[in-house]
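As structure tokens, the structure follows; a few thoughts come after it.
What follows draws every value from the coordinates through simple rules; no lab data is involved. All values derive from a computational prediction rather than experimental measurement. Note that each Cβ is placed from the backbone with ideal geometry, even for glycine, and that neighbours are counted across all protein chains shown.
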Protein chains: 2
Amino acid sequence: MIQTSSSLLGDVVAAIHPNDRQHAIEAQRRLDSLTKPIGSLGELEAIAARMFSIFAGKIPLPLHRAVYVFAGDHGVTEEGVSAYPREVTAQMVHNFLSGGAAINVLARLHHADLTVVDVGVDAEFEDAPGLCRMKVRRGSRNMQREPAMTEEEMTSALEAGIRLANASKAKGEHLVAVGEMGIGNTTAASAITAILVDEQAGTVTGRGAGLDAEGRNRKLNVIRRSLKRHFGTTQKPPAPLDVLRCVGGLEIAATTGFILGAAANRTAVICDGFISTSAAAVAHAIAPQVSDYLFAGHCSEEPGHRHLLRTIGITPILNLGMRLGEGTGAVLAMPIIESAVRLFNEMATFSSAGVSVADKA
Amino acid sequence: MIQTSSSLLGDVVAAIHPNDRQHAIEAQRRLDSLTKPIGSLGELEAIAARMFSIFAGKIPLPLHRAVYVFAGDHGVTEEGVSAYPREVTAQMVHNFLSGGAAINVLARLHHADLTVVDVGVDAEFEDAPGLCRMKVRRGSRNMQREPAMTEEEMTSALEAGIRLANASKAKGEHLVAVGEMGIGNTTAASAITAILVDEQAGTVTGRGAGLDAEGRNRKLNVIRRSLKRHFGTTQKPPAPLDVLRCVGGLEIAATTGFILGAAANRTAVICDGFISTSAAAVAHAIAPQVSDYLFAGHCSEEPGHRHLLRTIGITPILNLGMRLGEGTGAVLAMPIIESAVRLFNEMATFSSAGVSVADKA
């Protein structure tokens, strides 16, 4: 059992069950009966089988799709770790609310309901359609000097995510993408990744939204100092929630809570880029069986991302060199997942179509 | 100028013009003004820029989408080169016409009008909705013993493809996928590929729809013998149309004609797997500027496919380990291409959204 002061979190983790192997076997049997050479749909077959398992043998159609963009600022931006000023987090939230950001375009095109979740933006917002106001604090604390969150702040953010996952279930959503917005959050994600995948900070730290080589070095030094401050004297690997609290961020914590809640509710979750996948990795470290409910929308250009995906054990659906966040790579994978499910459900079988099966070659 | 007895083909090749570089520059300028870090949409930016160039600065929306599945049998199936009996080509055409194949499912989901083109199936079909009857012969000839097509047969198949591309343009189609069905056609595609990419047959020959190691060896020997018979004594590289005629197939020739015709009409074409890309490689060898109009829907598991893509100079959009053909990987890329275009057209700019640009990092 995890150590947590949140009974909600403890209950949710206890409610996440691995998928029934029998459904995967049944799915493969059906896939092999369809009018195509065995295995010829490649990754689409694994996607269909996973969806069949998540929904325990009955995939709901049409898939009700949604995307949640968790937004928060980061105290560590004081150290000059981003190419963009901190104000951009709030400006982009306004861009989301007026429909002009990349995620708006993709959510409209691929029929995903978009919710922007303010868990930690350093600005005040009025009520607005599509905005969920769950602010815990105006930005996390500067991880180089103190833990990014207090225990209470982290718990509030985690629980906000869980409550949203429960609301998503209540709304009948089946396939949800998680994205984020937060200037400075690749710094937090790199620090989390270094610990959770047990790699050097240099291996998992990239240029974020567009640092030059000097800026990236500054960021790397901030990450190294933060990791040393919080975990430098620990002998054993730190607990996942301590990693999240010390070097994470409010939007990352909320995403972690959301993913755990979605898995407990048997909702299929698509994680997006480096930051949302770092949240997924925290969720996975707490409850490894969440990977049964997780899809990786894509593999981003941030060097830490592929390490996280390997640790969680999920294969990216797309590899398009994207590094935008906001949930864009996750929503872009939705038509591929829907395709896999439709093929699984709608293709004719060899016997129904009167097609000859393979000779002994 | 190519040597051809077809004046239609000669006219089409002469009508294919490379895209105007100015449009690519203009597209990049717009991409860099959108509310996202420079380059952060990865391959989607190149896709959008190419679409902007193909349509000379005005991408038509909504994109009218279609998929053409060219079907034909292969004389070389006499040599036991496929895991499936020859009858499966005709059986699968019936499956397409009754809506049960993978391509039907994907075409329905992604709003692509499906046309099945019989250019060489060894069966007679009644008129049917969605079937285009352009049969040249009931199967190509056995390439191990004689050229797969006579000059006249090849020209008829090429011209069938060109006429279809012109009909597609007349119907207002903007984005067309090409797929195929033909038992034995990976044998033809491997033979074409070995010559056009200048690799050993063994490097570009795979297991097709599901051969075991022994079957794949048999197939490889057939390809080697065929290449030796037709090109063994040639000193210089054979002309692309001679390659197509001697070791190609009727559906491959029709696809080549279609791609050339589409490029002449400034229609965007998505090629699918190994076979349709071998047709694209013939088109590219005849008229290199066709690559400006071509997208690679995906990279298949067949080992020759990546060689063809490299030779043509196009990057696969998807990498999902598929090897089904029928146009499935091409249609699956349509929502990605549409996404790229929508982002390009609909995203806010930094100035319109009031978002700060990057600091000097």
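Taken together, the criteria exclude B:ALA177 from residues that are farther than 19 Å from B:ARG141 by Cβ, part of a loop (DSSP other than H, G, I, E, B), touching a residue at least 60 places away in the same chain (Cβ under 8 Å) and among the aliphatic types (A, V, I, L, M). Among the residues of the stretch B:296-314, those identified as in contact (Cβ under 8 Å) with a residue 60 or more places away in the chain and over 13 Å from the mean Cα position of the chain (by Cα) are B:GLU301, B:GLU302, B:PRO303, B:GLY304, B:HIS307, B:ARG310, B:THR311. A:MET181 passes every criterion in (1) over 29 Å from A:GLY206 (Cβ atoms); (2) buried (at least 21 other Cβ atoms within 10 Å of the Cβ); (3) within 14 Å of another protein chain (Cβ to nearest Cβ) apart from (1).
Take the conditions (1) more than 14 Å from chain B (Cβ to nearest Cβ); (2) part of a loop (DSSP other than H, G, I, E, B); (3) under 17 Å from A:THR77 (Cα atoms); (4) not aromatic (Phe, Trp, Tyr); A:ALA209 misses just one of them, which is (1). Number of residues in the stretch A:47-88 that are touching a Ser or Thr at 6+ places or on another chain (Cβ under 6 Å) and in a loop (DSSP other than H, G, I, E, B) equals 5. Out of curiosity, is B:LEU44 crowded, with 21+ Cβ neighbours inside 10 Å, more than 9 Å from every other protein chain (Cβ to nearest Cβ) and part of a helix (DSSP H, G or I)? Taking the combined requirement at face value, the residue does not satisfy it.
Just one of A:ARG163, A:ARG137 is out of contact with any Pro (no Cβ under 6 Å at 6 or more places or on another chain), touching a residue at least 12 places away in the same chain (Cβ under 8 Å) and assigned to a loop (DSSP other than H, G, I, E, B); which is it? Steps first, please.
On the way: A:ARG163 fails: assigned to a loop (DSSP other than H, G, I, E, B).
Among A:ARG163, A:ARG137, only A:ARG137 is out of contact with any Pro (no Cβ under 6 Å at 6 or more places or on another chain), touching a residue at least 12 places away in the same chain (Cβ under 8 Å) and assigned to a loop (DSSP other than H, G, I, E, B).
Checking the stated criteria, A:ALA279 turns out not to satisfy the condition of being in contact (Cβ under 8 Å) with a residue 12 or more places away in the chain, within 14 Å of another protein chain (Cβ to nearest Cβ), among the hydrophobic types (A, V, I, L, M, F, W, C) and in contact with a Cys (Cβ under 9 Å, 6 or more places away or on another chain). For B:HIS94, work out the one condition from (1) crowded, with 21+ Cβ neighbours inside 10 Å; (2) within 9 Å of chain A (Cβ to nearest Cβ) it doesn't fulfil. Only one criterion is unmet by B:HIS94, namely (1). Please work out if A:ILE103 is more than 16 Å from A:GLU338 (Cα to Cα), within 14 Å of another protein chain (Cβ to nearest Cβ), among the β-branched types (Val, Ile, Thr) and surrounded by 24 or more Cβ atoms within 10 Å (Cβ to Cβ). The answer is yes for A:ILE103.
Go through B:ARG266, B:ARG218, B:ARG225 for me and flag whichever is touching a residue at least 12 places away in the same chain (Cβ under 8 Å), within 14 Å of chain A (Cβ to nearest Cβ) and surrounded by fewer than 19 Cβ atoms within 10 Å (Cβ to Cβ). Write out each step before concluding.
Working: B:ARG266 fails: within 14 Å of chain A (Cβ to nearest Cβ); B:ARG225 fails: within 14 Å of chain A (Cβ to nearest Cβ).
Sole residue among the options that is touching a residue at least 12 places away in the same chain (Cβ under 8 Å), within 14 Å of chain A (Cβ to nearest Cβ) and surrounded by fewer than 19 Cβ atoms within 10 Å (Cβ to Cβ): B:ARG218.
When residues in the stretch A:7-66 are screened for being within 22 Å of the chain's Cα centre (by Cα) and within 16 Å of A:ALA264 (Cα to Cα), 17 of them pass. Entry remark, the stretch B:106-136: residues being surrounded by fewer than 17 Cβ atoms within 10 Å (Cβ to Cβ) and of a type in the set (Val, Ile, Thr) number 0 in total.
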